[in-house]
Amino acid sequence: MAFDGAGTSGRLAAARAALDGLESLEIFGRVVAIRGLLIEVAGPVAAMRLGGRLDIVVEAGGTREASIPCEIIGFSGAHALAMPFGSLQGVRRGCPARVRAENAGAIRPSRAWLGRVIDALGRPIDGLGPLPPGPVAYPLQTDPPPAHARRRVGPPLDLGVRCINTFLTLCRGQRMGIFAGSGVGKSVLLSMLARSAASDVAVIGLVGERGREVQEFLQDDLGPEGLARSVVVVATSDEPALMRRNAAYATLALAEHFRDEGAQVLCMIDSITRFAMAQRDVGLAAGEPPTAKGYTPTVFSELPRLLERAGPGTGEGMISGLFTVLVEGDDHNEPVADAVRGILDGHIVMERRIAERGRYPAINVLRSVSRTMPRACDPAFLPVVQRARHLMSTHADMEELIRLGAYRAGSSPEVDEAVALMPDLEAFLGQSKEEATSLGEGYRRLAAIVGGP
């Protein structure tokens, strides 16, 4: 039989054209159970993956359909376990759950995102139109740079807040925690740092914030000048746990993008405690056993994976991290605070009693530590800083006796000097949120108070 090459080629071309005209294959399962915020999906479990996305299709009225994005957080037998990024209103047993084939857990940031406010999925929420995508996709969850390839921390970073600049000097690529109870001034301190820090870009994550405070932070605290060089990621306290958790991941992914461009990035998250609470909700829903204060084991494994992503990179860019920790009941030894303190390169302690007497930022210098000190301090002014710390420590030791009137002037020249200089030191430590003081100016002002070069 003769071989008709032309006829075979024609039939293959026709078959290829018919295949190209077919719709792409759609894989979906079905909702079989809902327990709280946990959704069980039956179907082709082999086509689903941990961290993958599903879209649950619900009726939105009439013949219209709406979809609720979900993330797969685990598996149980023949079912996939998922949690939603939105409300479960309208979900019923039997609803289709489409499996997304693309990598939905990633964002494509670009420099055009500066000055914008986005949600935890990288969608704009400021009403200023769509965000132009960048060429590279950055996964929300990724591993930190390898330790052996990272550069060392850089020179001191001028933050504009003289209390931190002088006593708790932060280096480029360093990570610090800001530990405080509620209402002590963490958000205002972050806004001061975002406006005044000598960094190229600021990436700010508001995780679990009160919805009322978001616009106040953007307009009053951060202001147009601070927002112009910032990207703000927002997930308010009323949003599902996955949104609050992903807001922290998205903040680090954005910071990594600008770091890879060679920028000096200031990354701030308020607060890490609410990220831990969101991760606890996800872990408990997935069936993890609760440990200290109900926190699940994955909370304490995810904290270092998140925080280690900040710091020096393998190139010129660096991420300097400032992460607030909301200490419950002003207990600085509660589980999350204790874990974060052991991961970061220092901690700034804000105290309610200092805020109550009207000194802001309410930082307790004696309880705060920067692990790059004293190397980060200007050697010419290191004796000045040490002398000021010694005077504050002396006054703190005798503060109760002084307040009660039990200390008599002249009993100790050292205590007398501390009492005499303490009002000036308190004035130095206080600073209004509109004020900015450079590193050099802070050293000189401190030297004028306690004596020095």
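The values are calculated or read from the model by the stated rules, or taken from the named source; none is laboratory data. Note that the coordinates shown come from a computational prediction; the quantities given were computed from them, not determined experimentally. Backbone-built Cβ (ideal geometry, glycine too); neighbour counts: all protein chains shown. The accessibility values were calculated without ligands, DNA or RNA, using every heavy atom of the protein model including side chains. Shrake-Rupley method; radii C 1.70, N 1.55, O 1.52, S 1.80 Å.
Here the relative contact order of the stretch 298-453, from alpha carbon pairs under 8 Å that lie six or more residues apart, stands at 19 percent. Note down the Stokes-Einstein diffusion coefficient of the stretch 27-99 in µm²/s, whole number, using a Kirkwood radius over alpha carbon pairs, 20 °C, and 1.002 mPa s. Taking Rh from Cα pairs, D becomes 180 µm²/s.
Excluding ligands, DNA and RNA, the accessible surface per residue across the stretch 227-358 is 29 Å² with a 1.4 Å probe.
Probe of 1.4 angstrom, ligands and nucleic acids ignored: what's the accessible area per residue over the stretch 99-224, in square angstrom?
Numbers: 4960 Å² over 126 residues.
Each residue of the stretch 99-224 exposes 39 Å² on average to a 1.4 Å probe.
What is the Cα centroid distance between the stretch 312-391 and the stretch 48-80, reported in whole angstrom? With the stretch 312-391 and the stretch 48-80 each reduced to a Cα centre, they are spaced 43 Å. Roughly speaking, to the nearest percent, how much of the chain's 1.4 Å accessible area is carbon and sulfur? Carbon and sulfur atoms account for 54 percent of the accessible area of the chain.
The stretch 139-153 and the stretch 246-261 have Cα centres spaced 12 Å apart.
Only protein heavy atoms count here; under a 1.4 Å probe, Thr314 has an accessible surface of about 90 Å².
For every helix of n ≥ 4 consecutive DSSP H residues, a contribution of -39,500 (n - 2.57) applies; sum these over the chain, divide by its total residues, and give [θ] at 222 nm rounded to the nearest 500 deg cm²/dmol.
Working: 13 runs with 157 residues, N = 453.
For the chain, the value works out to -11000 deg cm²/dmol.
Taking every protein chain into account, the accessible area of the stretch 381-450 amounts to 54 square angstrom per residue (probe 1.4 Å).
Once the Cα gyration tensor of the chain is diagonalised, what are the square roots of 5 times its eigenvalues, in whole Å and ordered largest first, as equivalent ellipsoid semi-axes? Provide the component values of the computation, followed by the final result.
Working: eigenvalues 540, 122, 69 Å².
That gives 52, 25, 19 Å for the three semi-axes.
Just add up the charged neighbours of Arg280: K/R +1, D/E -1, any other residue whose Cβ is under 12 Å from the Cβ of Arg280. Once all neighbours under 12 Å are counted, the net charge is +1. Size check on the stretch 106-370: the Cα extents along the three principal axes, sorted descending, read 48, 46, 43 Å.
Of the whole protein surface, Asp260 contributes about 90 Å² of accessible area at a 1.4 Å probe radius. With θ taken as phi - 60° and the Karplus curve 6.51 cos²θ - 1.76 cosθ + 1.60 applied, the whole-hertz 3J(HN,Hα) list for the stretch 364-378 is 8, 4, 5, 9, 9, 9, 10, 6, 9, 7, x, 4, 6, 6, 4 Hz, x standing for glycine and proline. When only alpha carbons of the stretch 125-212 are considered, Rg and Dmax amount to 16.5, 44 Å.
Once C-alpha pairs closer than 8 Å and six or more residues apart are averaged by separation and normalised to the residue number of the stretch 197-288, the relative contact order reads 42 percent.
Over the C-alpha atoms of the stretch 381-450, the Rg to Rh ratio, Rh being the Kirkwood estimate, stands at 1.03.
Which order do the peptides 418-424, 364-370 take when ranked by the mean count of other beta-carbon atoms within 10 Å per residue, highest first? Mind dumping the intermediate values first?
Numbers: 418-424: 16.0, 364-370: 17.7.
My ranking of the peptides, most packed first, is 364-370, 418-424.
Would you kindly give the portion of the calculated P(r) for the stretch 306-365 that falls above 13 Å, as a percent of all Cα pairs? Value for the stretch 306-365: 68 percent of Cα pairs lie more than 13 Å apart.
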